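Encoded as structure tokens, the structure appears first; notes follow it.
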Amino acid sequence: MEDDQKYYLLLDEVQFMPRFEEVLNSLLRISNIDVYVTGSNSKFLSSDIVTEFRGRGDEIRIYPLSFAEFYAAYDEDYDDAWEEYMIYGGLPQVAQFSVERQKAEYLKNIFTNVYIKDVVERNRIQNVDEIGTLVDILASAIGAPTNPTKISNTFKSERGINYSN
């Protein structure tokens, strides 16, 4: 990168590299390079990045497909597309699978390996099984009010574990 051409550096899962903040800060001093960092948020949240790099970067949020985007890539009729979207959501990879088992497995893996793993790592949670129980409790209560007392009571009745509110 000694010439004046523009270079683009893509770094994925950079948070697993020791002292990555120092590496990124050194790259920001090179005038002809754009650095793009992607990856899991468990070790370094976007709010941490804003603090660490003090305005020398931009956050780009990537969202699932809207229904219009999903439908544009879907080969069947509108009602089938809507049902598919409501069941599996708008992650682009899911839209590429044709077998329901593949879709469900992909979503389960995303949930387990990204969301749950991030929560466990970020908060140094020891009782991983209890996080699964908490998720089950909250998922079964979608659309119904819940509170710490209800969650505590459910843990006690289903797992025999006492937690304070």
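Taking the stretch 145-160 as the region of interest, how many residues are in contact with a Leu (Cβ under 8 Å, 6 or more places away or on another chain), not in a helix (DSSP H, G or I) and not polar (S, T, N, Q)?
Here the count works out to 0.
Filter the stretch 72-95 down to residues that are in a helix (DSSP H, G or I) and of a type in the set (A, V, I, L, M, F, W, C) and give me whichever is nearest to N109 (Cα to Cα).
To start, the set of residues in the stretch 72-95 that are in a helix (DSSP H, G or I) comprises 72-73, 78-88, 92-95.
Applying the additional criterion that residues be of a type in the set (A, V, I, L, M, F, W, C) yields 72-73, 81-82, 86-87, 94-95.
Working: A72: 26, A73: 23, A81: 23, W82: 23, M86: 19, I87: 16, V94: 12, A95: 15 Å.
Out of the qualifying residues, it is V94.
State whether the residues of the stretch 123-135 include one that is assigned to a helix (DSSP H, G or I), at pLDDT 85 or above and among the hydroxyl-bearing types (S, T, Y).
no
Look through I131, I137, I125 and report the one residue that is among the aliphatic types (A, V, I, L, M) and free of Cβ contacts under 8 Å to residues at least 12 places away in the same chain. Give the steps one after another, and end with the answer.
Details: I131 fails: free of Cβ contacts under 8 Å to residues at least 12 places away in the same chain; I137 fails: free of Cβ contacts under 8 Å to residues at least 12 places away in the same chain.
Exactly one of I131, I137, I125 is among the aliphatic types (A, V, I, L, M) and free of Cβ contacts under 8 Å to residues at least 12 places away in the same chain, namely I125.
Give the number of residues within the stretch 111-139 that are surrounded by 12 or more Cβ atoms within 10 Å (Cβ to Cβ), within 24 Å of N153 (Cβ to Cβ) and among the charged types (D, E, K, R).
2
Residues that are of a type outside the set (K, R), in contact with a Leu (Cβ under 8 Å, 6 or more places away or on another chain) and surrounded by 11 or more Cβ atoms within 10 Å (Cβ to Cβ): does the stretch 95-103 have at least one?
In the first step, residues of the stretch 95-103 are kept if they are of a type outside the set (K, R); the result is 95-100, 102.
Narrowing the set further to residues that are in contact with a Leu (Cβ under 8 Å, 6 or more places away or on another chain) leaves 95.
The next check asks that each one be surrounded by 11 or more Cβ atoms within 10 Å (Cβ to Cβ); those that pass are 95.
Yes, the stretch 95-103 contains a residue that is of a type outside the set (K, R), in contact with a Leu (Cβ under 8 Å, 6 or more places away or on another chain) and surrounded by 11 or more Cβ atoms within 10 Å (Cβ to Cβ).
The values are calculated or read from the model by the stated rules, or taken from the named source; none is laboratory data. For clarity, every value in this text was computed on a predicted model and none was experimentally measured. Note: ideal-geometry Cβ built from the backbone for every residue, glycine included; neighbour counts use all protein chains shown.
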